[in-house]
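Asks: My structure is below; once you've seen it, I'll send some questions.
A short reminder: the numbers here are calculations on the coordinates, not readings from a lab. These numbers come from a predicted model, not from an experiment. Glycine gets a Cβ as well: all are built from the backbone with ideal geometry, and neighbour counts include every protein chain shown.
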Amino acid sequence: MSVRQTRRRGATLEKAILDAAWEELAERGWGRFSIEGVAVRAGTAKTVLYRRWDNRVQLAQQVLQRANRMYLSDSATGAGLREDLLQFVRDMSELLRGPFGEAVRGVISEGDRSTQQSLFAGSVVVTRVDEIIGRARARGDLPSDPDPLTANLGHAIVMSEFLHTASPPPDEGLVALVDKVWLPALIGSARPGTA
């Protein structure tokens, strides 16, 4: 008796492809990441991938979007603004050490710059930071909303270090970033009359 194999479609197929892309980035890095390699790993034809994504950069962008939802979801400590900011940069640094970082490198180096969000755009780039600030306001840790550019500061510095050195800052650097730069800037920017 033969077992009929069902074709994967829709969300099931997309999950298999994105899982394969994540594994491919982890094992091969951005330099050897390819649509063909992902197709082989996912057990599908490369034409299936090309129907969804024009190139490896678009596929990597989808990998990043999914990872953002999965791995940069809220993990607040509840202990206060400093602790939440420190947990955020630690989580971000850990994420950059793996496949996520490889995808970031590729999208930034080869992607369409006109689609990348500016830190000066007048909004908080990372939703989790916006949530941290909202909780700090509710607790009274910040008297008003800080300037969005200041809210983006921690994320920007970690990314800058990662792109310049190919590695996120060490933990002592993250502590210094929060204690000496980001937290004082947020508090200063949120003082009544300065926001």
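Asks: Using only the alpha-carbon atoms, how far is helix 153-165 inclined from the longest principal axis of the chain? Give it as 0 to 90 degrees, nearest 10.
Replies: The answer is roughly 50 degrees.
Asks: Quick one: putting +1 on the C-beta of Lys and Arg, -1 on the C-beta of Asp and Glu, what dipole do you get for the stretch 87-195 around its Cα centre, in Debye to the nearest 20? Let's see the in-between values first.
Replies: On the way: 10 positive and 14 negative charges, 49 e Å.
Using Cβ point charges on Lys, Arg, Asp and Glu, the stretch 87-195 gives about 240 debye.
Asks: By how many degrees, 0 to 90 and rounded to 10, does the Cα axis of helix 127-139 deviate from the longest principal axis of the chain?
Replies: Between helix and principal axis, roughly 30 degrees.
Asks: On to the next question. Where is the GNM fluctuation largest for the chain (alpha-carbon springs, 10 angstrom cutoff): GLU24, GLU161, GLU102?
Replies: GLU161
Asks: Bin width 10 Å, alpha-carbon pairs only: give the P(r) of the stretch 77-185 as whole percents, running from 0 to the bin holding the largest distance.
Replies: Final binned percentages: 14, 45, 32, 8, 0.
Asks: Which value in nm describes the separation of the simple spin-label points at GLU83 and SER114, placed 7 Å from the Cα toward the beta carbon?
Replies: Placing both labels 7 Å beyond Cα along the Cβ direction yields 4.7 nm.
Asks: Here's a follow-up. May I ask you to evaluate 6.51 cos²θ - 1.76 cosθ + 1.60, the Karplus curve with θ = phi - 60°, for each residue of the stretch 36-41 and list the ³J(HN,Hα) values in order in whole Hz, giving x for glycine and proline?
Replies: 4, x, 5, 4, 4, 5
Asks: Compute the distribution of all C-alpha to C-alpha distances in the stretch 114-167, in bins of 5 Å from 0, and list the percent of pairs in each, rounded to whole numbers.
Replies: Using 5 Å bins, I get a P(r) of 5, 19, 23, 22, 16, 9, 5, 1 for the stretch 114-167.
Asks: If you don't mind, there's one more thing I want to ask. If each of THR12 and TYR50 carries a label point 7 Å out from its Cα toward its Cβ, how far apart are those two points in nm?
Replies: Result for the modelled spin labels: 2.6 nm.
Asks: With a sphere of radius 10 Å drawn around the Cβ of GLY29, what net charge do the other residues whose Cβ falls strictly inside it have (Lys, Arg +1; Asp, Glu -1)? Kindly include the intermediate steps, with their values, before the conclusion.
Replies: Details: positive: ARG28, ARG32, ARG105; negative: GLU24, GLU27, GLU102.
Charge balance in the 10 Å sphere: 0.
Asks: Report the FRET efficiency, 1/(1 + (r/R0)^6), for ARG69 and LYS180, where r is their Cβ-Cβ distance and R0 is 22 Å, rounded to 0.05.
Replies: Efficiency at R0 = 22 Å is approximately 0.10.
Asks: Here's a follow-up. Net charge near LEU81: determine it from the other residues with C-beta under 9 Å of the C-beta of LEU81, scoring Lys and Arg +1 and Asp and Glu -1. Please report the intermediate quantities before stating the final value.
Replies: On the way: positive: ARG82, ARG135, ARG139; negative: GLU83, ASP84, ASP141.
With Lys, Arg at +1 and Asp, Glu at -1, the neighbours total 0.
Asks: In degrees between 0 and 90, to the nearest 10, how far off the longest principal axis of the chain does helix 56-71 point, with axes built from Cα atoms?
Replies: 50
Asks: Still on this structure, please answer the following. Roughly what % of Cα-Cα distances in the chain sit above 23 Å, to the whole percent?
Replies: Numbers: 9479 of 18915 pairs.
Pairs farther apart than 23 Å: 50 percent.
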